[in-house]
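K.L.:
One structure, as structure tokens, below. Some questions next.
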């Protein structure tokens, strides 16, 4: 299976230098312009990679109806890409796929305008146990729209890599959607990953990244209600390409983080991702750095705990990234 999934793709950032990453929300032009001005300070703080989670806040061309009211324009995205190059920073856009199709108590543009894509159409955000809505990966016509959004963002940010999200998927395969009958939740999840990979890597020749929590499953993920799911998707780990970079996030302090070794042993490159508290971020970073195989660096996720302009001085960035060489 490893041979089948081997890819000829050579990433543009394939060097011996660690990936010292920062993950930021980016959903409007003023913040994008603030990032343009902040990139030199981020580089000085050690960052050489910035993942910008944009989602529907982009000036889509093929489907302008799916733009959020505030968005990053194509012109500003190009400006940000140029600034990143000048700072020797790799810029990677993110569009959260499958899960997280509702935000802040509101349904996102795709499911709002295309309710036929909803994985669990009887559920609404008023249901007590609904964290976020999800799309059905088997829905006819879905992938064509999603691929066009990804293409617009990749072109706008002049990207050589793309992050597809895929975290915190809870509703997939719950049995409501008839299109998934006869397939396990893991098979449905893997089908979406593989479709994205075929387009992003196979067609567009970009590197693909995703969050790792669903494929490592509850045994390896953690303790919080956000880490675990009743629809265990972990069998998907053996059904997807090995050239995907797995962003393995953990936010609690632990003695060890065995999922890092699990993913590496399976043949994936692993990009451990920490947050807060700082003690836990340091522990994950130190543990990951002690691993000898397939760990590419460290990713500091911010989740609005720091502003873009203050990010270079935020302790999990300033104190941890320089440790990675």
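K.L.:
If a residue has to be under 22 Å from the mean Cα position of the chain (by Cα), surrounded by fewer than 19 Cβ atoms within 10 Å (Cβ to Cβ) and within 16 Å of residue 109 (Cα to Cα) to count, how many in the stretch 31-66 make the cut?
P.N.:
Residues in the stretch 31-66 being under 22 Å from the mean Cα position of the chain (by Cα), surrounded by fewer than 19 Cβ atoms within 10 Å (Cβ to Cβ) and within 16 Å of residue 109 (Cα to Cα): 2 in total.
K.L.:
Then there's this: Select from the stretch 161-193 the residues that are farther than 18 Å from residue 218 by Cβ and under 15 Å from the mean Cα position of the chain (by Cα) and list them in ascending order.
P.N.:
Answer for the stretch 161-193, where residues must be farther than 18 Å from residue 218 by Cβ and under 15 Å from the mean Cα position of the chain (by Cα): 161, 162, 163, 164, 165, 192, 193.
K.L.:
Restricting attention to the stretch 156-191, and to residues there that are in contact with a helix residue (DSSP H, G or I) (Cβ under 8 Å, 6 or more places away or on another chain) and assigned to a helix (DSSP H, G or I), which single residue is nearest to residue 244 (Cα to Cα)?
P.N.:
190
K.L.:
Related question: All but one of (1) touching a residue at least 24 places away in the same chain (Cβ under 8 Å); (2) over 19 Å from the mean Cα position of the chain (by Cα) hold for residue 314; state the number of the condition that does not hold.
P.N.:
(1)
K.L.:
Specify the residue that is farthest from residue 153 (Cα to Cα); the eligible residues are those in the stretch 203-225 that are assigned to a loop (DSSP other than H, G, I, E, B) and modelled with pLDDT of 80 or more.
P.N.:
Checking each candidate, the answer is 212.
K.L.:
So residue 121 clears everything in (1) buried (at least 17 other Cβ atoms within 10 Å of the Cβ); (2) touching a residue at least 40 places away in the same chain (Cβ under 8 Å); (3) in contact with a helix residue (DSSP H, G or I) (Cβ under 7 Å, 6 or more places away or on another chain) except one condition, right? Which one?
P.N.:
Failing condition for residue 121: (1).
K.L.:
Which one of these is closer than 19 Å to residue 64 by Cα, in contact (Cβ under 8 Å) with a residue 40 or more places away in the chain and either surrounded by 19 or more Cβ atoms within 10 Å (Cβ to Cβ) or in contact with a strand residue (DSSP E or B) (Cβ under 8 Å, 6 or more places away or on another chain) (or both): 93, 137?
P.N.:
93 is the lone residue from the list that is closer than 19 Å to residue 64 by Cα, in contact (Cβ under 8 Å) with a residue 40 or more places away in the chain and either surrounded by 19 or more Cβ atoms within 10 Å (Cβ to Cβ) or in contact with a strand residue (DSSP E or B) (Cβ under 8 Å, 6 or more places away or on another chain) (or both).
K.L.:
With in contact with a strand residue (DSSP E or B) (Cβ under 7 Å, 6 or more places away or on another chain) and surrounded by fewer than 23 Cβ atoms within 10 Å (Cβ to Cβ) as the only criterion, which of 280, 288, 300, 235 stands out?
P.N.:
280 is the lone residue from the list that is in contact with a strand residue (DSSP E or B) (Cβ under 7 Å, 6 or more places away or on another chain) and surrounded by fewer than 23 Cβ atoms within 10 Å (Cβ to Cβ).
K.L.:
Taking residue 11 and the conditions (1) modelled with pLDDT of 95 or more; (2) in contact with a strand residue (DSSP E or B) (Cβ under 6 Å, 6 or more places away or on another chain); (3) part of a loop (DSSP other than H, G, I, E, B); (4) farther than 15 Å from residue 153 by Cα, which numbered condition does it fall short on, given that it satisfies the others?
P.N.:
(1)
K.L.:
Going by what's in this entry, would residue 28 be described as crowded, with 20+ Cβ neighbours inside 10 Å, modelled with pLDDT of 95 or more and in contact with a strand residue (DSSP E or B) (Cβ under 7 Å, 6 or more places away or on another chain)?
P.N.:
No: the conditions fail for residue 28.
The values are calculated or read from the model by the stated rules, or taken from the named source; none is laboratory data. Because the structure is predicted, anything quoted here is derived from the model rather than measured. Please note: Cβ atoms are built from the backbone with ideal geometry, for glycine as well, and neighbour counts cover all protein chains shown.
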